[in-house]
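Encoded as structure tokens, the structure appears first; notes follow it.
The values are calculated or read from the model by the stated rules, or taken from the named source; none is laboratory data. Every value quoted in this text rests on a predicted model; they were computed, and no experiment measured them. No Cβ is skipped: glycine too gets one built from the backbone with ideal geometry, and neighbour counts run over all protein chains shown. For the accessible areas, the whole protein counts, side chains as well, though only heavy atoms, and no ligand, DNA or RNA atoms are used. Shrake-Rupley method; radii C 1.70, N 1.55, O 1.52, S 1.80 Å.
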Amino acid sequence: MEKWYLMTVVVLIGLTVRWTVSLNSYSGAGKPPMFGDYEAQRHWQEITFNLPVKQWYFNSSDNNLQYWGLDYPPLTAYHSLLCAYVAKFINPDWIALHTSRGYESQAHKLFMRTTVLIADLLIYIPAVVLYCCCLKEISTKKKIANALCILLYPGLILIDYGHFHLGFALWGVLGISCDCDLLGSLAFCLAINYKQMELYHALPFFCFLLGKCFKKGLKGKGFVLLVKLACIVVASFVLCWLPFFTEREQTLQVLRRLFPVDRGLFEDKVANIWCSFNVFLKIKDILPRHIQLIMSFCSTFLSLLPACIKLILQPSSKGFKFTLVSCALSFFLFSFQVHEKSILLVSLPVCLVLSEIPFMSTWFLLVSTFSMLPLLLKDELLMPSVVTTMAFFIACVTSFSIFEKTSEEELQLKSFSISVRKYLPCFTFLSRIIQYLFLISVITMVLLTLMTVTLDPPQKLPDLFSVLVCFVSCLNFLFFLVYFNIIIMWDSKSGRNQKKIS
Amino acid sequence: MAALTIATGTGNWFSALALGVTLLKCLLIPTYHSTDFEVHRNWLAITHSLPISQWYYEATSEWTLDYPPFFAWFEYILSHVAKYFDQEMLNVHNLNYSSSRTLLFQRFSVIFMDVLFVCCKCIDGKKVGKELTEKPKFILSVLLLWNFGLLIVDHIHFQYNGFLFGLMLLSIARLFQKRHMEGAFLFAVLLHFKHIYLYVAPAYGVYLLRSYCFTANKPDGSIRWKSFSFVRVISLGLVVFLVSALSLGPFLALNQLPQVFSRLFPFKRGLCHAYWAPNFWALYNALDKVLSVIGLKLKFLDPNNIPKASMTSGLVQQFQHTVLPSVTPLATLICTLIAILPSIFCLWFKPQGPRGFLRCLTLCALSSFMFGWHVHEKAILLAILPMSLLSVGKAGDASIFLILTTTGHYSLFPLLFTAPELPIKILLMLLFTIYSISSLKTLFRKEKPLFNWMETFYLLGLGPLEVCCEFVFPFTSWKVKYPFIPLLLTSVYCAVGITYAWFKLYVSVLIDSAIGKTKKQ
């Protein structure tokens, strides 16, 4: 069957699933006084439309920063402004200054959902389709199946606002993988200017491009490329931040909003090292703020340094994608003020390597969805999350036959196990171990989900289930961190040649 | 790991398809539901709380029980599960009660019953050899499991058609396998679940009589009267009689048969439903309206003679046509019988085995849809699903199927008129249409193209029609003055397509039987 027809069908399935999920409740529905993220988005439209640019990030009588103040870079503000113009055309009540606080209606919900769907349709979905079509060394059927699995990933469907930043980041990866470095960098700069969490991905981009420049020779083409890239980055930042570069105070205030260093190591429950540590040892309360900052900074960088250095020395497309994963995962696990939703920044690169290590990627993506369980339950999304997770799982199992691909070779651990076998000749049971770990992990996740849904936590420990979910997810993520780093470090040219021959 | 592999059915595409569509149905739970939801809740309440003698007399709610007794028993069984979800829904006086648990229960009951449909569809999903997506079995499975009409009628609008169609497909399958008694039994049961299947009863009757009761044919294919088997006729009759007795027996004993029949066949309703089903009468009504407008303009008609209640205002009552002669129920019955007759004759004189039966069945369903009294647009599904079975066999059938399906499905759009469901129906329609056209085109790529330019043009015209009706029209000034125009346009445009498909199918059946005749000679 024609490739494009099948791809259209896959895209339509993705869109249908997204829209039907969005018919459910949204975050903070009917919960005054603060409501939720949905209200935050609506409020930003109100602020950007009614107030002049200079007042967007400042506290004033018209703009109370405690009530969902803007804390994303300017591109988010511009996007909200655009949506506000459309809203004004349909119903000005939705964005009237002050009076539209907490506005909830069926029509407004439709409007917000439509803006999200259109954003996905214009930016994220074409990126996914193009990415899958540009994959090398796999058949057409597999490419389309790959697109289906990526589009069915539950995390991005269930979290209800648009994923412009991930879409732009994906365009960035696409550009760079296809050797359009300048366009790729531009897309990625736009992504950073949309949400500052994209900085999680910044290091791999930087290291990969730097490595490319070094490879081309710093005295010739490499230097030219370096200069061009620097110009693009600077130009895009200047363009986005232009209204805020007029005064020093403006720039500083925006930066203060983007990086709230005085908010502490973590907020709420997140599947993070620090939160898990906190279960045993209340580090958040014991250590002073600046020590916490230094601790998190150091641990983050120490954990991602090996992979990045390797990327500079041996830039390769495959290494780039895996480094994206491990870098983002390091940031997620060790950085400060990490939100549960930031796991999506790790999930996106994992989706990109779905075709190379289907078994591990599927496992990771299931865990990432599970780690957001408390949040999803709070937003009353139990049914859609169960359904989409099952759909995703079935799609992956049918498309990639993941349970047949658990040998060492398939898990890309061959070179690693060969090295280990030099010291421990009996180390032949690696894939067995991994299979058992997978079973244990899935069983634990299912049990915890059932418990969280059916049982009430004991009086003394009201957060018991959320903490357990975070803890279990954190353990899984640590395992994945180690795994991905192993792949990166043991990946060598000879390894790739072996794969081609076999 | 090996066990898990087997359990997840690696490469078992059929389970993947079935599970996929079931998950999609779960996602459709929070969508809009029509008054049919309240209808079924009411029936749950009636069958649970009242004794049998009251079932067909109960009229607290306007949605009285108007399906045959087996369906009432089905609702009774469901109600015993329902009481664990929400006891309140079983109270007859709780009109329009729809708590979230009620919604959940009802939706899940539909999804669960659809499993029966899936099982009936479960023809051998053997291991595949070459290209999977091109095998007719795969295409047929998708066309049946992911049928757009069934999805939106059952899981959004809310009905229980899935398992009923499963029964019908199973009975057809049994006839294909020459297990005629089981086929007849299943069809009899089906009839007593929903009497709309009377539309196709003639096909069943004639086929069973001709191909089962006459055990052998003469060499040239015509009837061998001596091979008439009394035993078979009597056993068939007995099966039908027993099933009917089981169903209607209790009501016969209570002397309630007339009441039951008056509920089942409400002829007091008008020729057309509130929204005209795209059949012949839609075209007839439209012509009448056009002629009356022209007549008024040219002063041929006296404005005082025109009745106040216009057909297009959507009132479901009896009324007169203005220019063309009025249509009575008897007239529609005669038209339907005349329309069915040629295909029945073909089936009788030139039986071509189960395949011929299937074509006759589709024709019966389609003809009844074309000329029936108070036909609902959902009845088009009765023709579309059997036609799906034919579509993967021949290129000609595929072409007719695609026209019928696309226009038939489009005509279901007015059922979902709420804004949140608009993207869903458009996306699902596109999904099904694109898949069906491209897969059938690929299947029959070695033969001549499936559509000629006229048909392509017509099908492509559905796009602009949808844009006009749903996106442009609501913002024009005509919305207040003539609110019925989108419905009128949709109905008439689809009626053209469906009539064309019906005509084409008839021609192909008649030609095939003529060819069969010459071949045999």
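Observations on the model:
- Structure-based [θ]222 nm, the protein assembly as shown - -39500 (n - 2.57) summed over DSSP H runs of at least 4, per residue, nearest 500: -21000 deg cm²/dmol
- Taking Lys and Arg as +1 and Asp and Glu as -1, the other residues whose beta-carbon sits under 14 Å from that of B:A45 total -4.
- Over 28 Å (Cα to Cα) - which of A:K3/A:K215; A:K143/A:K405; A:K378/B:K25; A:K141/A:K216; A:K216/A:K318 fall in this group: A:K3/A:K215; A:K141/A:K216
- Using the average count of surrounding beta-carbon atoms within 10 Å as a protection proxy, the listed peptides A:321-333, A:433-445 rank, highest first, as A:321-333, A:433-445.
- Rounded Å value of the spacing that divides the Cα centres of region A:383-415 and region B:458-508: 45 Å
- Charge sum, other residues only, whose C-beta stays under 14 Å from A:G175's C-beta, Lys/Arg counted +1 and Asp/Glu -1: +1
- Applying both filters, DSSP loop and at most 15 other Cβ atoms within 10 Å, to the trypsin sites (Lys or Arg not before Pro) of region A:177-227 gives A:K219.
- Average other protein chain Cβ within 10 Å of Cβ, residues A:103-113: 1
- Exposed loop sites, defined as trypsin sites (Lys or Arg not before Pro) outside DSSP H, G, I, E and B with at most 15 other Cβ atoms within 10 Å, are absent from the longest region of chain B, namely B:309-444.
- Förster-model FRET efficiency, 25 Å R0, A:F89 and A:F245, C-beta, rounded to 0.05: 0.20
- Partner aspartates and glutamates whose Cα lies under 18 Å from the Cα of B:K289, excluding those fewer than 8 positions away in the same chain, are identified as B:D302.
- Across B:K178/B:K448; B:K297/B:K481; A:K31/A:K282, pairs whose alpha-carbon gap is larger than 24 Å: B:K178/B:K448; A:K31/A:K282
- Tensor-based shape of region B:58-207 (alpha-carbon gyration tensor, a/c under 1.5 rounded, otherwise prolate or oblate): oblate
- Computed FRET value (nearest 0.05) for B:K218 with B:L238, which takes r as the C-beta separation and R₀ as 35 Å: 0.75
- For B:E377, A:E249, the ranking by accessible surface with the largest value first comes to A:E249, B:E377, using a 1.4 Å probe.
- Look at the stretch B:420-427: the mean tally of other chain Cβ atoms within 10 Å of its residues' Cβ atoms is 5.
- For the pair A and B, the buried accessible area comes to roughly 3000 Å² in total, with a 1.4 Å probe and the value rounded to the nearest 100.
- Entry note, region B:312-455: relative contact order of 17 percent, from Cα contacts under 8 Å with a spacing of 6+ residues.
- Overall form of region A:274-417 per C-alpha gyration tensor (a/c, 1.5; a/b vs b/c): oblate
- Per-peptide average of other Cβ atoms within 10 Å, ordering A:36-46, B:409-419, B:53-63 highest first: A:36-46, B:409-419, B:53-63
- Separation of alpha-carbon centers, region A:252-311 and region B:48-123, rounded to whole Å: 56 Å
- Candidate aspartates and glutamates for bridging to B:K394, where Cα separation is under 13 Å - those fewer than 8 sequence places away on the same chain excluded: B:E447, B:D512
- Excluding same-chain neighbours fewer than eight residues apart, the aspartates and glutamates reachable from A:K136 by a Cα-Cα span under 12 Å are A:E356.
- Positive end of the dipole of region A:1-156 (Cβ unit charges, origin at the Cα centre): among A:F35, A:I123, A:A147, the Cα lying farthest that way belongs to A:A147.
- Number of partner chain Cβ atoms within 10 Å, mean per residue of A:392-402: 4
- Sum of side-chain charges, B:V81 neighbourhood, beta-carbon under 14 Å (Lys, Arg +1; Asp, Glu -1): +2
- Highest mean packing comes first when the peptides A:284-291, B:345-352 are listed by Cβ atoms within 10 Å, giving B:345-352, A:284-291.
- Region A:100-119 and region A:1-64: distance between their alpha carbon centers, rounded to Å: 7 Å
- The solvent-accessible area of B:C468, taken with every protein chain present and a 1.4 Å probe, is close to 70 Å².
- Shape category assigned to region B:317-445 from the gyration tensor of Cα positions, a/c cut at 1.5: oblate
- Per-atom-type breakdown for chain B gives carbon and sulfur 70% of the accessible area (1.4 Å probe, protein chains only).
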